[in-house]
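The values are calculated or read from the model by the stated rules, or taken from the named source; none is laboratory data. Source: prediction; values computed, not measured. Cβ placement follows ideal geometry from the backbone for every residue including glycine, while neighbour counts extend to all protein chains displayed.
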Amino acid sequence: MKFFADSMLGKLTRWLRLMGFSVEYATPDKNDTEILSYCRQNSLILLTRDRELSQRYKDSLYIKSDDYRDQIKVFIGNHEPSEELFFSRCPLCNSELEIIPMEIFKGDVPDGIREKYTRVFHCSNCGKVYWEGSHFDSIRKALKEIISETVP
């Protein structure tokens, strides 16, 4: 399944990508007609905070809350994540990440990272590089906590 989030769901979009979901994101210049047309043409499930927009498209999920944790709970109440897919997509551009052993990774990383970590997650589309540092651990912990509060 692939998703399309309206411009009011930017933070949710990044979190869903971290869980491995393919989520495209509407820029604020896209109007409702363009969003609906794009979703129909590409068979995307629409994620929106706009009740009227959600009623105009049968494959939509209306998300009322403006709190990202509540938004995630609504989403995973309908689409359960798979932990094997966590950190498989770039949270910035939605492309799939490739895991590259540190010894063959040719890109730049901050001092000390090469010695501390054995691999990096690289986005070949936007060039962003991620590694399993403390931020990675806190994201994984937050995701597991939210999922445990939602999925029985």
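Lys73 - would you say it is in the same structural domain as Glu24 (by TED's automatic domain parsing), part of a helix (DSSP H, G or I) and more than 19 Å from Tyr25 (Cβ to Cβ)? Against the criterion (in the same structural domain as Glu24 (by TED's automatic domain parsing), part of a helix (DSSP H, G or I) and more than 19 Å from Tyr25 (Cβ to Cβ)), Lys73 qualifies.
When segment 47-69 is filtered for residues that are among the polar types (S, T, N, Q) and either crowded, with 16+ Cβ neighbours inside 10 Å or in contact with a Leu (Cβ under 8 Å, 6 or more places away or on another chain) (or both), the ones remaining, listed by number, are Thr48, Ser54, Ser60.
Taking segment 108-118 as the range and being assigned to a loop (DSSP other than H, G, I, E, B) and touching a strand residue (DSSP E or B) at 6+ places or on another chain (Cβ under 9 Å) as the test, the residues that pass are Asp108, Val109, Thr118. Scanning segment 18-45 for residues that are crowded, with 22+ Cβ neighbours inside 10 Å and under 12 Å from Phe75 (Cβ atoms) yields Met19, Phe21, Val23. In the set Phe105, Phe121, Phe136, only one residue is assigned to a loop (DSSP other than H, G, I, E, B), out of contact with any Ser or Thr (no Cβ under 6 Å at 6 or more places or on another chain) and surrounded by 15 or more Cβ atoms within 10 Å (Cβ to Cβ); that residue is Phe105.
With respect to the conditions (1) without any contact (Cβ under 8 Å) to a residue 40 or more places away in the chain; (2) under 15 Å from Leu12 (Cα atoms); (3) surrounded by 14 or more Cβ atoms within 10 Å (Cβ to Cβ), Asn78 lacks only one, and its number is (3).
Filtering segment 2-14 for residues that are under 28 Å from Phe136 (Cα atoms), loosely packed, with under 14 Cβ neighbours inside 10 Å and touching a Leu at 6+ places or on another chain (Cβ under 8 Å) leaves a non-empty set. For segment 108-124, the criterion of being closer than 15 Å to Arg14 by Cβ and free of Cβ contacts under 8 Å to residues at least 40 places away in the same chain is met by at least one residue. Scanning segment 76-102 for residues that are more than 30 Å from Asp59 (Cβ to Cβ) and either of a type in the set (Phe, Trp, Tyr) or part of a loop (DSSP other than H, G, I, E, B) (or both) gives a single hit, Met102. Just one of the listed residues (Ile139, Ile113, Ile99) is among the β-branched types (Val, Ile, Thr) and either under 15 Å from the mean Cα position of the chain (by Cα) or closer than 18 Å to Leu16 by Cα (or both), namely Ile139.
With the condition kept exactly as written, say whether any residue in segment 136-143 is at pLDDT below 95 and among the acidic types (Asp, Glu). Yes: segment 136-143 contains one or more residues that are at pLDDT below 95 and among the acidic types (Asp, Glu). The criterion of at least 3 residues that are touching a residue at least 60 places away in the same chain (Cβ under 8 Å), touching a Ser or Thr at 6+ places or on another chain (Cβ under 9 Å) and not assigned by TED's automatic domain parsing to the domain that holds Asp137 is met, among strands (runs of 3 or more DSSP E) falling completely within segment 1-69, by 22-25. Determine whether Ile72 is closer than 27 Å to Glu145 by Cβ, crowded, with 19+ Cβ neighbours inside 10 Å and not aromatic (Phe, Trp, Tyr). Considered against the rule, which asks whether it is closer than 27 Å to Glu145 by Cβ, crowded, with 19+ Cβ neighbours inside 10 Å and not aromatic (Phe, Trp, Tyr), Ile72 comes out as yes.
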